[in-house]
1. Please specify each residue of region 233-282 satisfying the condition of being at pLDDT 95 or above and either among the β-branched types (Val, Ile, Thr) or not assigned by TED's automatic domain parsing to the domain that holds Arg152 (or both).
2. Out of (1) over 18 Å from Leu277 (Cα atoms); (2) free of Cβ contacts under 8 Å to residues at least 24 places away in the same chain; (3) out of contact with any helix residue (DSSP H, G or I) (no Cβ under 8 Å at 6 or more places or on another chain), what's the single condition that is false for Phe125?
3. Can you name the residue in region 96-149 that is in a loop (DSSP other than H, G, I, E, B) and of a type in the set (Lys, Arg) and, of all such residues, is surrounded by the most Cβ atoms within 10 Å (Cβ to Cβ)?
4. If we keep just the residues of region 283-311 that are crowded, with 22+ Cβ neighbours inside 10 Å and in contact with a strand residue (DSSP E or B) (Cβ under 6 Å, 6 or more places away or on another chain), which is nearest to Thr167 (Cα to Cα)?
5. Which of the residues belonging to region 181-202 are farther than 22 Å from Ser233 by Cβ and aliphatic (A, V, I, L, M)?
6. Kindly indicate the residue of region 157-173 that is under 18 Å from the mean Cα position of the chain (by Cα) and in a loop (DSSP other than H, G, I, E, B) and also nearest to Pro237 (Cα to Cα) among those meeting that condition.
7. So which residues in region 247-270 are assigned to a loop (DSSP other than H, G, I, E, B) and surrounded by 22 or more Cβ atoms within 10 Å (Cβ to Cβ)?
8. Looking at region 234-252 only, could you name the residues that are among the small types (Gly, Ala, Ser) and either touching a helix residue (DSSP H, G or I) at 6+ places or on another chain (Cβ under 7 Å) or farther than 16 Å from Leu172 by Cβ (or both)?
Amino acid sequence: MLYLSFFRNTPHLPAMNGRELTPGTREHELLATVALLQAPQVVKAHLGAQIDGYGSAVELLRWVYRDAGAEESTALFETVPEAVLSQAEQEVQSWGEHALTACTVLDSTYPELLRSIFNRPPLLFVRGERSAVESVGVAIVGTREPSEAGARRARKLARELGKRGLTIVSGLAKGIDTAAHTGALEVGGRTVAVVGTGLDHTYPKENTLLARQIVDCGGALVSQFFPKQPPMSGNFPTRNITMSGLSVLTVVVEASETSGARMQARVALEHGRTVFLLRSLVNSHAWAQRMVEEGVKGTRASVLEEVDDVTRRLDPEYEPQAFAIA
């Protein structure tokens, strides 16, 4: 992992030969990844997989900025425009005073579970305990406007799974996410918040204290967005993809037809992850019933009746403790 403290009080990144980037050099691969994320002509949805496919963000960046008339055999050695490198360098240097770590998809410490999904992010920022991101995580997600019963169920589920040593993953939003993070913290468990903003921002503002508690209690805040990125509607579906990728399974507590939690359930099934939907959700929403009966591309969600359903799925030899979620 590239620690951003590397850039602290450093006016310039390591020297580049003639402003050329060197493939395989960690700092240059980071710069190239940032430049690709800044490039308007690059489709971002599968950029992580593209960088992985090339084996180098530097090589991919050179290809993007190749001379239109050059032969492909020489295109990889074209110089990336100075303005492109300068913009990327300015972005990276702006991170230097923050207590963050960052890794690209090429880094050996990029989370392996996340690396396994086809739409993995090319860049990841972490504030807090790095090991929490690598631990066995269960995503608990749902609506921002839950019923009283829904919030209670999310909190209880997080408490019980936290007691069993599982890391609770959620999105720091109000409602179900807040209940899930809070439940984990109440029993001394670890929780990870995958957010839809840069880590300079907390959204919603009322969860500022909760975000601090997550880090102070051995958890982490995770983002794929540059630190100064404010909340934008398009960011949140993207973070749901990342949340699914970081979790061994997803539990949806309450969610409407248009909810981001419903989208995460669909994406998690596409990722080959286990998806649980609470019985109360399946009984009240047609989309949830369809996901259990028909599934997504042949993979179906399961109904969650009790907490032990989760632990049995993760460990078939687990001895049931019979905690209902009512």
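The values are calculated or read from the model by the stated rules, or taken from the named source; none is laboratory data. Note that the structure is predicted; figures quoted are calculated from it, not measured. Cβ placement follows ideal geometry from the backbone for every residue including glycine, while neighbour counts extend to all protein chains displayed.
1. If the condition is that a residue be at pLDDT 95 or above and either among the β-branched types (Val, Ile, Thr) or not assigned by TED's automatic domain parsing to the domain that holds Arg152 (or both), then Thr238, Ile241, Thr242, Val248, Thr250, Val251, Val252, Val253, Val267, Thr274, Val275, Val282 are the ones that fit.
2. (2)
3. It comes out as Arg120.
4. My answer is Leu304.
5. Ala184, Leu185, Val187, Val192
6. Kept after step one, since they are under 18 Å from the mean Cα position of the chain (by Cα), are these residues of region 157-173: 166-173.
Filter again for in a loop (DSSP other than H, G, I, E, B), leaving 166, 171-173.
Numbers: Leu166: 24, Gly171: 11, Leu172: 14, Ala173: 13 Å.
Taking the candidates together, the pick is Gly171.
7. Across region 247-270, the qualifying residues are Ser247, Val253, Glu254, Ala255.
8. Selection gives Gly234, Ser244, Gly245.
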